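Notes follow once the structure below has been shown.
The values are calculated or read from the model by the stated rules, or taken from the named source; none is laboratory data. As the structure is a prediction and not an experimental result, all values here were calculated from the model. Methodologically, a virtual Cβ is constructed for each residue, glycine included, from the backbone with ideal geometry; neighbour enumeration extends over all protein chains shown. The area values use the complete protein model at the heavy-atom level, side chains included, leaving out ligands, DNA and RNA. Shrake-Rupley method; radii C 1.70, N 1.55, O 1.52, S 1.80 Å.
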Amino acid sequence: MKGKSFLVLGATVALAVGIMSCGGGSQTAETPAAPAAGAPTGGGMPVEVATAGSISGMVMLDGPAPRMRPINMAAEPSCARVHTTPAMTEDVLVGSGGALQNVVVYLKGDFSKYSFPASPAPIELDQKGCQYTPHVLAVRVGAPLNVVNSDQTTHNIHPVPVNNREWNQSQPPGAAPLNETFAREEIAIPVKCNVHPWMKSYVAVVGNPYFQVTGTDGSFSLKNVPPGTYTLVAWHESFGPMEQSVTIGASEAKGDIHVTFKPQGAGAD
């Protein structure tokens, strides 16, 4: 294992109010430890497990986090009743020791000579208590996304992409899941609800299987990575992206990579 790598970005914490979409939580990795069953994607060779490595580390917030604000759901009593405590905004969620949640960590690089197994199961975006769950999720290009409605009210799911097809679909209570895919990489697509303007979510569409959305502990682990030099990107909705170069050798486990966002100035209260 090599020594720690550090990357620090000065950023102004500003709670986004321009795009009102729908909220939620975190997502586990979609980076299999070894090729799994399923139809492969791409036209190349499988990653050689014997020489593949891994990249892991933590995403942290160095400084005060903005206070999350309660959401007024008086206009939708059926959703307000779902919450035993007031629902809160989820723009910046910080755990113990400054661990930063809902950060999309992924690799950029040339993976054209490899083929990858298909995503094993659809990723689910739920609407529960008039919030999107998870708040940030990531899917592979072309992988299925299932949108479900667990509420007793109608929602209107409206992704607003730049590089993909925009769609806008109502979903009443008890309706079948909406099945959608995204054809091009885009990090990240805002998702809003035209019925409930406080709802927001983000869908990151990645062109390879090397990505993860951080959970409450801020950690990430990208496995089965072929040897090479890549760009490690960490994207957060309030702080934007930051990048660093990462070189991984054959069978190398590169750990303790620290990605640190540092809020500055107005908005860090």
With every protein chain in place, segment 63-111: carbon and sulfur % of accessible area (1.4 Å): 55 percent
Ratio of the Cα radius of gyration of segment 72-184 to 2.2 N^0.38 Å, where N counts its residues: 1.27
Nonlocal amide H pairs with residue 140, under 5 Å, H built at 1.01 Å: 206
Average accessible area per residue (Å²) across segment 41-162 - probe 1.4 Å, nucleic acids and ligands excluded: 43 Å²
Solvent accessible area, Å² - residue 51, 1.4 Å probe, full protein context: 40 Å²
Cβ crowding within 10 Å averaged over residues, with 255-261, 103-109, 165-171 ranked highest first: 103-109, 255-261, 165-171
Using a Förster distance of 35 Å, the FRET efficiency for residue 108-residue 166 (Cβ separation, nearest 0.05): 0.90
